[in-house]
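S.K.: Below is one structure. I have some questions about it.
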Amino acid sequence: MQLRTFPGGVHPHDEKHFSASAQITEAPLPQKVIIHLSQHIGSPSTPVVAVGEEVLAGQLIAEASGFVSLNQHASISGKVTAVDRFMHPTGTSSLAIQITGDGLDKWVELVDEQDFINLPPAEMKARISAAGICGMGGAGFPTHVKLSPPEDKPIDTVILNGVECEPYLTSDYRLMLEKGADIVTGLKLIMKIVGAKKGIIGIEANKPDAIKLMEKLLADEPYLEVVGLKLRYPQGAEKQLIYAATKRKVPAGGLPMAVGVVVQNVGTAFAVYEAIRYRKPLVQRVISITGSPVNKPGNLLARIGTPFSELVEFCGGTKETVGKVISGGPMMGFALPSLEATMGKGSSGLVLMNEKDARMMEEHNCLRCARCVDVCPMNLIPSLIAAAVKNKNLDMAVSAGLNDCMKCGSCAYVCPAQIRLVQWIDTGKIRYAEAQRAKK
Amino acid sequence: MKDKYIVSSAPHFHDKTTVKNVMWNVVIALSPALVFAVYYWGFRSLLLTLLGAVSAVVTEAAIQKMRKVPISVADGSAFLTGMLLSYNINPGAPWWMPIMGSVFAIAVGKQVFGGLGNNPVNPALLGRAFLLASWPSLMTSGWLKPKTGSLSGLNDLDAIAINLQSLSPKAYDLVTGATPLKVVQTLRDSSFVASINGNGEGINLANRIFTNITEMAALKNLFWGNIGGCIGEVSAFALLLGAAYLLYKNIIEWRIPLFYLGTVFVLTAVFGPIKGSGYSPMLPFFHIFSGGLMLGAFFMATDYTTTPLTKNGRIIFAIGCGLLTVVIRLVGGYPEGVSYSILFMNVMTPLIDKLTMPKPFGRIKK
């Protein structure tokens, strides 16, 4: 197979060996879950339950507060015990609903629609919207919004993102191996909804068995194709994936629909399949618990809102001192101050690092070595943007591409002077947003 | 389980490259040239190199102490600058030369601008330019003969003319007393050629010297460094060995050396021959193996701080270096032009950067 890729990028060690061979196992029912009202891009959901109320697993507990928002469901049965601020999967604190379980795992009624593949697209979309599905690769864009392109932007291609280019993480990989057929069905459903003629599943070359399996599943499907991609970070970034798979360039500041493409994570496709066939809300997902300190790294099917500490405990705890805990992958994930945080709909992994790997190195002067320039997949000059932010010159930062940066971290990964380029650029993005708000 | 972990911004993963290992790897890559220098000229060349390197380190530490900033000499960049500076001086130079050069290079070339990463031009080359302007005769004459060869790389003087010494004392002095590039430059001077001898044989003799110095036997000496020249520049072989290591380690990139050497190669092939010498296919090889070009192209023109950021910018930079080197060598008053051409292009770098700003992915041209 001809492997495709995009310009720029880096090649970190993939470190997937910790959990790559661990089959998906169901995590034990947590005693308490915390369902955040803001697990997605868009406005926070509005609670529809009160403290003290009994809920079933799968029951709606917070509803979308607008079109670009999301429904949230109870992931266990029990009683609502608090609506308060809790630690978010990204380490900050935000509003959430706490449910204390009754240990019975009583569910709302699910269906098994026989002819689900022929449902009208509007009904399919309604079920996705009701199930509270958002992009499960990390960014968390509400899926029903992504599947509602405006009339003047016809979609001809749906790309499923099975790249999983973040080091360590293996949840998408295991899901493809174990639920491959359902993912393909999910892809077909998504294609029906947006009226696309072509479906592509993009998988990185370090998962040859997943590529082989998908090729087998798609052997009799003339409009569906597996695209093997070179091992290169950030291959799974939306614009880079679209470019590698179709050679189309999404305009800067634009969305994939501008070039007739919709990209969905393979996990999202699986959730779409379950939502349409069973009307099952998104209350559980696969998460990789991995890293050198973890005793038995694994891929767990866990309920949304489960505290990370319980998941680590289930994986046998730790065997060495933990220096850093990362919610997500090591390139773009969030370092958590403690394991008290709970998993969300976008939690694809939890990576633990020992003290040696977590050690912070001192920042030096920029050498102008241009390694960051060579690797930037967006063709920017990261050192220049960072320097502009440092010198409080926002205009220069913006003209140098502050808003084109997607914070993939390739630049900071290679910087020999250990300059925290992403941190500076992020600071710039925040200052820019503040300046824009002040203008209004 | 400890419950407070390190919180920092992503990415939480880093490749192994640090400033320190970049700099010390360049030092390692430069060492084969020093081995050759010690072989040709004895331990004097090692001593001069160490004097240059150590005084650069001491100067940097002293100035950083005065500036009340952390002392960063362990990163190896000052050591490297001192080493490069010493590589650019005559092995027969007095002991204080590398010290003078290094102090100037670090103090005026680097620290006044704020240290590592802020210098507009290559400090080692600036140090060399300072020495050349201050002690021109010490820098351009009094070359040491390599233990096994001659200054100009010519092994067999009889091939030029039997008893050249009595036939033309001037020509004899030239081919025994100058470096290969100096010989070639002098032969471009028509008044010199006319004065070689009175019988009107001048042009003939000049052409014979020119052909001999650019032919295979002399090229072999140039390749191994068996000629007169600066400590670190003579052995093209040793420098290529080091360059291969740096390319393999991904510390330097191939564009600058390739385009630099390529430009010199093409231009000297076209404009290199002297009047009446005819076309010599070996001439461009003579030019890329002689003087400081190998050292300059792989170790000085690839300096991160003073070269453009983008790939296209680096190509423009390298072609500019090549062009200027050839202009200085063929038309200018110096036999060698590598250091000045790199210094000149260093100064052009901000402009090249400005003109080669990349277009962000997906941004539509206005």
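S.K.: Only one residue in A:219, A:210 is more than 23 Å from residue A:248 (Cβ to Cβ), among the aliphatic types (A, V, I, L, M) and assigned to a loop (DSSP other than H, G, I, E, B), so which one is that? Please lay out each step first, then the result.
M.R.: Details: A:210 fails: assigned to a loop (DSSP other than H, G, I, E, B).
After ruling out the rest, the residue left standing is A:219.
S.K.: Where the second residue is surrounded by 12 or more Cβ atoms within 10 Å (Cβ to Cβ) and of a type in the set (Gly, Ala, Ser) and the first is in the same structural domain as residue B:49 (by TED's automatic domain parsing) and lies in region B:60-78, which pairs have Cβ atoms under 6 Å and are six or more apart or on separate chains?
M.R.: Within 6 Å, the pairs are B:60/B:78; B:71/B:61; B:73/B:61; B:78/B:56.
S.K.: Can you find a residue in region A:191-212 that is in contact (Cβ under 8 Å) with a residue 60 or more places away in the chain, in contact with a Lys or Arg (Cβ under 6 Å, 6 or more places away or on another chain), more than 22 Å from residue A:237 (Cα to Cα) and in the same structural domain as residue A:119 (by TED's automatic domain parsing)?
M.R.: yes
S.K.: If we only count helices (runs of 4 or more DSSP H) wholly inside region A:324-440, which ones have 1 or more residues that are at pLDDT below 95, acidic (Asp, Glu) and surrounded by fewer than 24 Cβ atoms within 10 Å (Cβ to Cβ)?
M.R.: Working: elements: A:355-358, A:371-375, A:382-390, A:394-399, A:410-414, A:421-439.
Of the helices (runs of 4 or more DSSP H) lying wholly inside region A:324-440, those with at least 1 residues that are at pLDDT below 95, acidic (Asp, Glu) and surrounded by fewer than 24 Cβ atoms within 10 Å (Cβ to Cβ) span A:355-358, A:371-375, A:394-399, A:421-439.
S.K.: Here is a further query. Going by what's in this entry, would residue A:374 be described as acidic (Asp, Glu) and more than 11 Å from chain B (Cβ to nearest Cβ)?
M.R.: Here the answer is no, as residue A:374 does not meet what is asked.
S.K.: Restricting to region A:61-88, name every residue that is hydroxyl-bearing (Ser, Thr, Tyr) and crowded, with 20+ Cβ neighbours inside 10 Å.
M.R.: Our first condition is that a residue be hydroxyl-bearing (Ser, Thr, Tyr); within region A:61-88, this holds for A:65, A:69, A:75, A:77, A:81.
Across region A:61-88, the qualifying residues are A:69, A:75, A:77.
S.K.: I need the full set of residues from region A:398-417 which are without any contact (Cβ under 8 Å) to a residue 60 or more places away in the chain, more than 7 Å from chain B (Cβ to nearest Cβ) and more than 20 Å from residue A:235 (Cβ to Cβ), in order please. It would help to see each step written out before you state the result.
M.R.: In the first step, residues of region A:398-417 are kept if they are without any contact (Cβ under 8 Å) to a residue 60 or more places away in the chain; the result is A:398-402, A:405, A:411-412, A:415-417.
From the residues that got through so far, the ones that are more than 7 Å from chain B (Cβ to nearest Cβ) too are A:398-400, A:402, A:405, A:411, A:415.
If the condition is that a residue be without any contact (Cβ under 8 Å) to a residue 60 or more places away in the chain, more than 7 Å from chain B (Cβ to nearest Cβ) and more than 20 Å from residue A:235 (Cβ to Cβ), then A:398, A:399, A:400, A:402, A:415 are the ones that fit.
S.K.: For residue A:358, state whether it is of a type in the set (Gly, Ala, Ser), touching a Gly at 6+ places or on another chain (Cβ under 6 Å) and facing chain B (nearest Cβ under 9 Å). Please lay out each step first, then the result.
M.R.: On the way: of a type in the set (Gly, Ala, Ser): yes; touching a Gly at 6+ places or on another chain (Cβ under 6 Å): yes; facing chain B (nearest Cβ under 9 Å): yes.
For residue A:358, the condition - of a type in the set (Gly, Ala, Ser), touching a Gly at 6+ places or on another chain (Cβ under 6 Å) and facing chain B (nearest Cβ under 9 Å) - is met.
S.K.: Quick one: what pairs do we get from region B:14-41, first residue over 15 Å from residue B:246 (Cβ atoms) and assigned by TED's automatic domain parsing to the domain that holds residue B:117, second basic (Lys, Arg) and not in a helix (DSSP H, G or I), C-beta under 8 Å, 6+ apart or different chains?
M.R.: B:39/B:147; B:40/B:147; B:41/B:147
S.K.: Sticking with this one: Going by the structure shown, is residue A:231 touching a residue at least 12 places away in the same chain (Cβ under 8 Å), in contact with a His (Cβ under 9 Å, 6 or more places away or on another chain), surrounded by fewer than 22 Cβ atoms within 10 Å (Cβ to Cβ) and not aromatic (Phe, Trp, Tyr)? Write out each step before concluding.
M.R.: Details: touching a residue at least 12 places away in the same chain (Cβ under 8 Å): yes; in contact with a His (Cβ under 9 Å, 6 or more places away or on another chain): yes; surrounded by fewer than 22 Cβ atoms within 10 Å (Cβ to Cβ): yes; not aromatic (Phe, Trp, Tyr): yes.
Against the criterion (touching a residue at least 12 places away in the same chain (Cβ under 8 Å), in contact with a His (Cβ under 9 Å, 6 or more places away or on another chain), surrounded by fewer than 22 Cβ atoms within 10 Å (Cβ to Cβ) and not aromatic (Phe, Trp, Tyr)), residue A:231 qualifies.
S.K.: Applying the selection to region B:202-245, what residues are farther than 30 Å from residue B:27 by Cβ and among the basic types (Lys, Arg)?
M.R.: At the first step, the residues of region B:202-245 found to be farther than 30 Å from residue B:27 by Cβ are B:202-218.
Correct list: B:208 only.
The values are calculated or read from the model by the stated rules, or taken from the named source; none is laboratory data. In this text, all values refer to a predicted model and were calculated from it rather than measured experimentally. As a convention, Cβ positions derive from the backbone with ideal geometry for all residues, glycine included, and neighbour counts pool all protein chains shown.
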